[in-house]
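The values are calculated or read from the model by the stated rules, or taken from the named source; none is laboratory data. For clarity, every value in this text was computed on a predicted model and none was experimentally measured. Here the Cβ is made from the backbone with ideal geometry for all residues, glycine too, and neighbour counts use every protein chain on show. Ligands, DNA and RNA are stripped out before the accessible areas are found, and what is left, the full protein with its side chains, is counted by its heavy atoms. Shrake-Rupley method; radii C 1.70, N 1.55, O 1.52, S 1.80 Å.
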Amino acid sequence: MEGEGGNRELKTLQHLFDKNRAWATAINDKDPEFFARLSKQQTPEYLWIGCSDSRVPANQLLDLPPGEVFVHRNIANVVVHTDLNCLSVLQYAVEVLKVKHVIICGHYGCGGVKASLEDQDHGLIDNWLRHIADVRRFNADKFAGLDESQQLDLLCELNVVEQVKNVCGTTIVKNAWARGAELSVHGWIYNIKNGILKDLDACISSSDQLEDN
Ligand code: CO
């Protein structure tokens, strides 16, 4: 029956398995050893901390295959010092995988950043977005005279710069630098309107480069 077919589709998401099969087959056709090689170990050089937004997929916009980038994503790419999830990813990436680069990547038009600027109730998430409202408060003078969309763009950028500092302030990164590890923390922003990444020139590669901690 037609209805049953529809229900089955709801339960199994068969089209996604079909797409997965086609994807794996295409990679295998091009490089039959790809999965066997990758299954033995991962040695990514980059940790990507980005927004959960579906329009900002790390591997795709960097055009990197599986195995090249370790990824953590949350709403509005926030690094909170008490977030064990994010800190565990950071620790594993820095201490075990020994990534050389941590990339904090925000994006213009971020819904989380936009919500943090609004004076309305969004529920539980407002507690998370509080961290971004704090970034605006720390930088209040920079927002004078800006219209709404300029404010959003600026806060998307400043949020990235703040999260770079937060990553650098963790014991994980401080200890890595103290033992002489080669590790840079970058602040980037992605434009969802044209697919282009921009470096916010906020890169920090040693404790000396931190203004204050
Ligand atoms: Co976002």
Exercise. Quick one: in segment 35-54, which of the residues that are assigned to a loop (DSSP other than H, G, I, E, B) and surrounded by 15 or more Cβ atoms within 10 Å (Cβ to Cβ) is nearest to the ligand (Cβ to nearest atom)?
Worked result: Asp53
For this session: Determine whether segment 128-144 contains at least one residue that is within 16 Å of the ligand (Cβ to nearest atom), at negative phi and part of a strand (DSSP E or B).
Result: no
Problem set entry | Test: residue in segment 78-94 that is assigned by TED's automatic domain parsing to the domain that holds Leu152 and in contact with a Pro (Cβ under 6 Å, 6 or more places away or on another chain) | no
Problem set entry | Identity of the residue in segment 80-108, open to solvent by less than 30 Å² (accessible area, probe 1.4 Å) and closer than 19 Å to Leu152 by Cβ, that ends up farthest from the chain's Cα centre (by Cα) | His107
Exercise. Just one of Val161, Val113 is within 21 Å of the chain's Cα centre (by Cα) and open to solvent by less than 30 Å² (accessible area, probe 1.4 Å); which is it?
Worked result: Val113
For this session: For segment 40-57, name all the residues that are more than 14 Å from Val78 (Cα to Cα) and free of Cβ contacts under 8 Å to residues at least 24 places away in the same chain.
Result: Lys40, Gln41, Ser54, Pro57
Seminar exercise, completed: Residue hits (segment 85-116; of a type in the set (A, V, I, L, M), in a helix (DSSP H, G or I) and more than 13 Å from the ligand (Cβ to nearest atom)) are Leu87, Val89, Leu90, Ala93, Val94, Val96
Problem set entry | Residue ID - farthest from Val102 (Cα to Cα), chosen from residues in segment 183-205 that are outside any strand (DSSP E or B) and open to solvent by less than 30 Å² (accessible area, probe 1.4 Å) | Ala202
Problem set entry | Those residues of segment 55-84 which are among the small types (Gly, Ala, Ser) and within 16 Å of the ligand (Cβ to nearest atom), in sequence order | Ala58, Ala76
Exercise. Could you say whether any residue in segment 173-191 is closer than 21 Å to His72 by Cα, assigned by TED's automatic domain parsing to the domain that holds Tyr108, in contact with a His (Cβ under 8 Å, 6 or more places away or on another chain) and aromatic (Phe, Trp, Tyr)?
Worked result: yes
